[in-house]
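The structure under discussion appears below in the form of structure tokens.
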Amino acid sequence: MIKSITVTNHRSESVVIELRSPEISGLFVRGVDGLGPSKGIINTRESLSLDGSAFNSARKEQRNILFKLGFLEKPTIEDTRQSTYKYFPIKRRIKMTIETDNKTVHTWGYVESNEPDIFSKEEGSTVSVICPDPYFYSVISGVVNFSSVVAQFEFPFSNESLTEKLIIFGEIMTEPQQNVFYEGEAEVGFRMYIHANGPVENITIHNLVSLQSMTIDTDILTALTGEGLDDGDDIIISTLNGQKYVTLIRDAVEINILNALGPDSDWLTLSPGDNIFYYEATSGETNLEFRIEYDTLYEGI
């Protein structure tokens with residue numbers, strides 16, 4: 001069951017529409033269309049010699065959310081009606097956050113129309129929002145670390161040298177293989193963060209479920225930047241749809257190293273369920289810290 005809908009306009013001004021307590025916002029929800037999975041478009045091709053047709057491609061349509069709102073006196077119905085012009089500004093981008101009994105998700109869209117029925121006995125409005133991205137996103141991002149810190153510090157302690165550091169407070173332990181369990185309903189890209197604590201050569205990341213892999217060629221990286229991957233360097237890889245990039249951060253400077261990808265590299269993604277990732281390097285593998293961050297996508301509420 002939907003508990004609340006929060007609408008945030010382009011000025012970061014928000015209104016929370018509580019379905020059980022509409023008097024708080026002055027708006028009550030008569031209905032909302034477009035919260036289920038958006039329609040798929042299936043492209044096929046016909047052949048003169050075969051019955052039916054052959055599948056060519058498929059994609060999802062944009063989402064159209066229709067809010068059917070009623071107005072309460074807060075302090076007057078006229079004030080409530082005019083507040084919808086503020087939170088649903090025509091042609092502006094808004095954020096919609098929907099809280100249900102078991103999840104909280106959000107999506108973005110552009111207000112197509114806001115049509116109030118001013119002369120009705122029970123005044124209200126129908127608001128149409130076009131969402132180019134057909135998915136809902138969880139408000140909590142997923143994070144999987146391939147390294148952890150093991151405590152090495154106990155009381156009492158004494159450093160027996162004034163010049164040498166003998167006490168170890170913690171030790172970074174790396175696990176080159178981790179399972180990323182993805183609870184979403186649609187395949188999604190992600191961001192990989194790679195940090196080097198020393199020299200590393202030729203990194204390869206494998207998805208052991210899909211049998212795909214991605215390689216960073218450090219020889220090409222050296223040709224692009226003048227140096228190989230070394231202590232303090234960070235690499236960020238994004239496989240998000242429409243936002244694919246490979247960036248090296250060195251001395252607080254961002255460098256595009258997309259050309260350092262191996263020629264047979266795949267843009268790795270997460271599929272619903274288990275995704276087992278494994279990374280390796282030809283040398284310096286223990287100098288790597290590795291992290292994956294991702295959004296969880298849902299087809300509908």
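The values are calculated or read from the model by the stated rules, or taken from the named source; none is laboratory data. Note that the structure is a prediction, hence the values are computed from the model and not measured. All Cβ positions, glycine included, derive from the backbone under ideal geometry; neighbour counts span all protein chains shown. Surface accessibility is based on the protein's heavy atoms, side chains included, excluding ligands, DNA and RNA. Shrake-Rupley method; radii C 1.70, N 1.55, O 1.52, S 1.80 Å.
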What 222 nm value per residue comes from the helices of the chain, counting each DSSP H run with n ≥ 4 as -39,500 (n - 2.57) and dividing by all residues, nearest 500 deg cm²/dmol?
-> -2000 deg cm²/dmol
In this structure, among LYS68/LYS121; LYS60/LYS244; LYS3/LYS103; LYS3/LYS95; LYS60/LYS95; LYS91/LYS244, pairs with alpha-carbon gaps over 22 Å are LYS91/LYS244
Sort GLU115, GLU185 by accessible area with a 1.4 Å probe, largest first.
-> GLU115, GLU185
With springs only between Cα atoms under 10 Å apart, run a GNM on the chain and tell me which of PRO176, PRO199, PRO75 wobbles the most.
-> PRO75
Among (i) -0.43, -0.54, -0.79, -1.09; (ii) -0.46, -0.56, -0.78, -0.99; (iii) -0.67, -0.77, -0.94, -1.06, the value of log10 I(q)/I(0) by the Debye sum over Cα atoms at q = 0.09, 0.10, 0.12, 0.14 Å⁻¹ computed for this structure carries the label (iii)
For VAL209 and LEU72, what does the FRET efficiency come to when R0 = 45 Å and r is the distance between their Cβ atoms, rounded to the nearest 0.05?
-> 0.30
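Kindly give the semi-axes, whole Å and largest first, of the ellipsoid equivalent to region 54-145, taking each as the square root of 5 times a Cα gyration tensor eigenvalue.
31, 19, 11
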Report, in whole Å, the centroid distance computed from the Cα atoms of region 59-79 and region 245-285.
-> 43 Å
Most mobile listed residue (GLU201, GLU122, GLU112) in the chain, GNM with C-alpha springs under 10 Å | GLU122
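In whole percent, what relative contact order does the chain give with Cα contacts below 8 Å and a gap of six or more residues? Mind dumping the intermediate values first?
Numbers: 690 pairs, mean separation 55.3, N = 301.
So the answer I get is 18 percent.
Which chymotrypsin sites (Phe, Trp or Tyr not before Pro) does region 186-257 hold that lie in a coil by DSSP with at most 11 other beta carbons within 10 Å?
Working: sites: PHE190, TYR193, TYR245; in loops: PHE190.
Qualifying residues, ordered by number: none.
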Area accessible to solvent at LYS103, 1.4 Å probe radius, in Å² | 50 Å²
Short to long, in 10 Å steps from zero, the percent of alpha-carbon pairs of region 212-281 per bin is 18, 50, 27, 5, 0
Compute, for LEU208, the solvent-accessible surface of its heavy atoms (probe 1.4 Å) with the complete set of protein chains present, and express it in square angstrom to the nearest 10.
-> 80 Å²
What's the carbon and sulfur percent of the chain's accessible surface, probe 1.4 angstrom, rounded to a whole number?
-> 48 percent
